[in-house]
Amino acid sequence: MNQMEAQTEMAKPTKTRNTLANRMWKVRWLYFFMAPGIAYFLIFKYYPMWGVLMAFQRYQPHVGLWGSQWVGLRHFRRFFSEPEFWMLLRNTLYIAALDLVIYFPFTIILALLLNEVRSEIYKRTVQTLVYVPHFLSWVVVVGICYLLFTTEGGVINEIIASLGFEKINFLMSERWFRPMIIGQIIWKDAGWGTIIFLAALAGVDPNLYEAARIDGANRWRLLWHVTLPAIRSVIVILLILRMGNFLDLGFEQIFLMLNALNREVGEVFDTYVYRVGLQQGQFSYSAAVGLFKSVVGLILVIGSNWIAKRFGEEGVY
Amino acid sequence: MFDAANIIFLSLFALAAVLPFIYVISSSFSVTAGLIPKKFTLEAYQYIFSAKTFYRSLLVSVYVTSVGTMIQLILTSLMAYGLSYRHVPGRSMLLLMVVFTMLFSGGMIPTYFVVRSTGLLNTLWSLMIPNAISAFNLIILKNFFQSIPDELKESAKIDGAHELVVLFRIVMPLSLPALAAFGLFYAVGLWNQYFNAIMYITDQTKYPVQVVLRQVIILAYGNIGDSTDMEEVPYYGQSIRMAVIVVATIPIMLVYPFLQKHFAKGVLLGSVKG
């Protein structure tokens with residue numbers, strides 16, 4: 001017995017050199033560096049995922065997840081039968097779709113136009129100017145918008161009035177809510193959105209243009225047969241990434257633009273969760289709404305990634 | 001023909017990007033805000049810097065931005081550095097853990113309760129810690145660290161340098177442009193954040209400038225009979241509102257020249273897959 005123990009003891013150094021524990025010990029400093037970051041992800045990202053269980057409970061903050069009573073799918077059933085569900089779904093999809101069919105192509109077109117500019121200095125100047133709004137907060141963007149569009153002395157309405165038309169209440173009407181939202185998105189981020197496209201465009205082999213030109217291709221044919229195919233994969237990747245945020249687009253922006261008069265067209269899942277959850281204290285119900293949104297978002301990303309791969313594109317994940 | 005139209009369109013778009021802001025600046029200095037500013041005055045600025053609420057919120061934002069950027073940058077680069085070594089056991093699991101947070105989240109309400117249970121509620125930490133690491137930035141920085149040749153790190157280690165020395169004497173100095181870019185990313189995010197503040201902070205003396213800005217401008221106009229905000233909103237003159245916007249944006253404008261240079265680089269770093 002003793003002898004065997006001695007033998008294993010002796011065999012250890014050679015045997016354990018490559019065991020997991022040994023390899024981990026070697027990089028112990030790296031784990032030490034990563035520890036705060038890992039703790040951050042576990043506490044602020046993964047613990048809330050566990051906390052999502054409250055969507056299936058009658059959650060009471062003072063007793064916590066362990067003490068609260070389980071109610072199964074009650075909150076989900078309630079949510080799907082509320083008339084508000086359809087309103088939220090419609091508003092969210094509507095704004096997200098506008099973003100996809102107006103903002104997204106707009107950035108591509110803007111990048112293509114910038115790419116056609118021959119003067120390097122002019123191009124640089126335009127870029128410098130159109131990037132500025134990206135760094136302003138949503139509060140500032142919406143604030144400027146209020147100052148310009150208000151009926152109480154805003155420039156836009158002053159101009160409209162001086163031309164002899166009736167003032168338009170842009171900020172407090174259902175009709176103008178969506179155009180204002182999409183206009184702000186374009187104003188703030190369209191310039192910034194061109195960066196990646198411009199980088200992709202700069203990488204297109206000039207010989208391709210040369211060859212096409214020799215074959216007699218005009219500007220449109222060059223665009224269609226050389227430029228667009230060259231940046232197709234970038235477009236697809238950015239599209240997938242945008243799909244991931246499809247449902248939580250511009251939450252701060254929408255929250256700031258909402259008021260009692262445009263709520264009917266402006267309320268989206270996130271603003272509803274905030275209002276019903278944190279302001280009215282229906283924690284479990286609003287957590288269920290949030291979970292529904294997160295799951296749909298996840299399905300959208302994975303789905304669009306899968307479709308992109310099916311069409312022979314690289315995908316993101 | 002096409003070129004001319006193109007130039008005109010781009011010029012108009014560029015003008016539209018900055019004109020509203022120029023208008024705001026000019027009317028913040030004028031007596032009556034009509035179409036054309038009439039008389040130059042500093043009254044609006046004198047007023048807002050004498051108003052304690054605004055002054056205090058600026059200090060809060062400066063504090064949160066400077067301390068928060070340090071914390072977030074350090075946490076992010078330490079973790080990115082660890083993840084940049086391929087031979088670390090459990091690395092792929094950790095990466096998966098990070099990437100998954102970009103796809104799925106527990107949502108606003110569960111996150112709120114986690115922040116509450118950590119005792120951060122109503123402290124300025126709640127504006128810096130709950131979003132300390134952006135998964136996106138982390139992955140990009142990891143890729144950047146990975147692109148630093150292993151030979152540099154290994155040779156230092158053979159010479160007996162400690163991992164800490166390798167990180168602070170070799171990797172960090174080589175990554176300064178990337179770190180500057182991400183530092184600016186974080187700083188702009190911290191300065192501009194609004195929603196975290198109204199979610200986690202109820203003590204009005206701890207409001208950052210964006211929250212005060214919203215009270216001064218947006219609430220003063222909108223929200224007729226809206227139950228969301230019960231605070232008393234005093235009425236401010238047009239030029240004061242404009243001046244508030246200007247002051248709240250000045251820090252961003254000051255760093256913009258650096259931002260523009262490094263940000264573009266940061267975004268492009270991100271487009272390199274790895």
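The values are calculated or read from the model by the stated rules, or taken from the named source; none is laboratory data. This is a predicted model, so every value here is computed, not measured. Here the Cβ positions follow ideal geometry from the backbone for every residue, glycine too, while neighbour counts run over all protein chains shown.
Laid out as a table, the results:
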quantity	calculated
The one condition in (1) over 28 Å from residue A:188 (Cα atoms); (2) part of a helix (DSSP H, G or I) that residue B:72 fails to fulfil	(1)
Some residue of region A:263-276 being within 17 Å of residue A:90 (Cα to Cα), within 9 Å of chain B (Cβ to nearest Cβ) and more than 21 Å from the chain's Cα centre (by Cα)	yes
Wholly enclosed helices (runs of 4 or more DSSP H) of region A:1-79 bearing at least 3 residues modelled with pLDDT of 95 or more and under 29 Å from the mean Cα position of the chain (by Cα)	A:28-40
Residue in region A:265-283 that is within 16 Å of residue A:83 (Cα to Cα), modelled with pLDDT of 90 or more and in a loop (DSSP other than H, G, I, E, B) present	yes
Residue match in region A:165-175 (condition: modelled with pLDDT under 90, out of contact with any helix residue (DSSP H, G or I) (no Cβ under 8 Å at 6 or more places or on another chain) and outside any helix (DSSP H, G or I))	yes
Matching residues, region B:114-129, being in a helix (DSSP H, G or I), facing another protein chain (nearest Cβ under 9 Å) and under 24 Å from the mean Cα position of the chain (by Cα)	B:114, B:115, B:116
Filtered residues of region A:59-74 (kept if over 19 Å from residue A:291 (Cα atoms) and in contact with a Lys or Arg (Cβ under 7 Å, 6 or more places away or on another chain))	none
Only listed residue being assigned to a loop (DSSP other than H, G, I, E, B), touching a residue at least 12 places away in the same chain (Cβ under 8 Å) and either in contact with a strand residue (DSSP E or B) (Cβ under 6 Å, 6 or more places away or on another chain) or within 13 Å of chain A (Cβ to nearest Cβ) (or both), chosen from B:187, B:197, B:132, B:161	B:132
Where residue B:86 falls short, out of the listed (1) within 7 Å of chain A (Cβ to nearest Cβ); (2) more than 30 Å from residue A:287 (Cα to Cα)	(1)
Residue match in region B:185-192 (condition: closer than 21 Å to residue B:251 by Cβ and at pLDDT below 90)	yes
Filter pass, residue A:308 being touching a residue at least 40 places away in the same chain (Cβ under 8 Å), among the hydrophobic types (A, V, I, L, M, F, W, C) and away from chain B (no Cβ under 11 Å)	yes
Test: residue in region A:137-149 that is under 30 Å from residue A:286 (Cβ atoms), in a helix (DSSP H, G or I), touching a Gly at 6+ places or on another chain (Cβ under 9 Å) and of a type in the set (A, V, I, L, M)	no
Close pairs from region A:20-44: first free of Cβ contacts under 8 Å to residues at least 40 places away in the same chain and surrounded by fewer than 15 Cβ atoms within 10 Å (Cβ to Cβ), partner β-branched (Val, Ile, Thr) and assigned to a helix (DSSP H, G or I), Cβ under 9 Å, at least 6 apart	A:22/A:16
Some residue of region A:220-232 being exposed (fewer than 14 other Cβ atoms within 10 Å of the Cβ), under 30 Å from residue A:302 (Cβ atoms) and of a type in the set (D, E, K, R)	yes
Top-ranked residue in region A:156-175 [being under 22 Å from residue B:22 (Cβ atoms) and polar (S, T, N, Q); ranked as farthest from the other protein chains (Cβ to nearest Cβ)]	A:157
Conditions (1) under 30 Å from residue A:64 (Cα atoms); (2) more than 7 Å from chain A (Cβ to nearest Cβ); (3) crowded, with 17+ Cβ neighbours inside 10 Å: number failed by residue B:65	(1)
Verdict on residue B:142 being assigned to a helix (DSSP H, G or I), surrounded by fewer than 18 Cβ atoms within 10 Å (Cβ to Cβ) and among the charged types (D, E, K, R)	no
Any chance residue A:153 is at pLDDT below 90 and either part of a loop (DSSP other than H, G, I, E, B) or more than 7 Å from chain B (Cβ to nearest Cβ) (or both)	yes
The one condition in (1) closer than 30 Å to residue A:73 by Cα; (2) within 8 Å of chain B (Cβ to nearest Cβ) that residue A:285 fails to fulfil	(2)
Residues being touching a helix residue (DSSP H, G or I) at 6+ places or on another chain (Cβ under 6 Å), in a helix (DSSP H, G or I) and either touching a residue at least 24 places away in the same chain (Cβ under 8 Å) or within 11 Å of another protein chain (Cβ to nearest Cβ) (or both) - total across region B:145-156	1
Pairs where the first residue, in region B:1-27, is more than 7 Å from every other protein chain (Cβ to nearest Cβ) and within 27 Å of residue B:249 (Cα to Cα) and the second is surrounded by 13 or more Cβ atoms within 10 Å (Cβ to Cβ) and not hydroxyl-bearing (Ser, Thr, Tyr), C-beta under 6 Å, 6+ apart	B:25/B:246; B:26/B:37; B:27/B:33; B:27/B:37; B:27/B:242
Residue check for residue A:88: modelled with pLDDT under 95, at the interface with another protein chain (Cβ under 10 Å from one of its Cβ atoms) and out of contact with any Lys or Arg (no Cβ under 6 Å at 6 or more places or on another chain)	no
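Table: residues versus (1) farther than 30 Å from residue B:86 by Cα; (2) more than 13 Å from the chain's Cα centre (by Cα).
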site: B:110; (1), (2): yes, yes
site: B:136; (1), (2): no, yes
site: B:150; (1), (2): no, yes
site: B:155; (1), (2): no, yes
site: B:166; (1), (2): no, yes
site: B:174; (1), (2): no, yes
site: B:191; (1), (2): yes, no
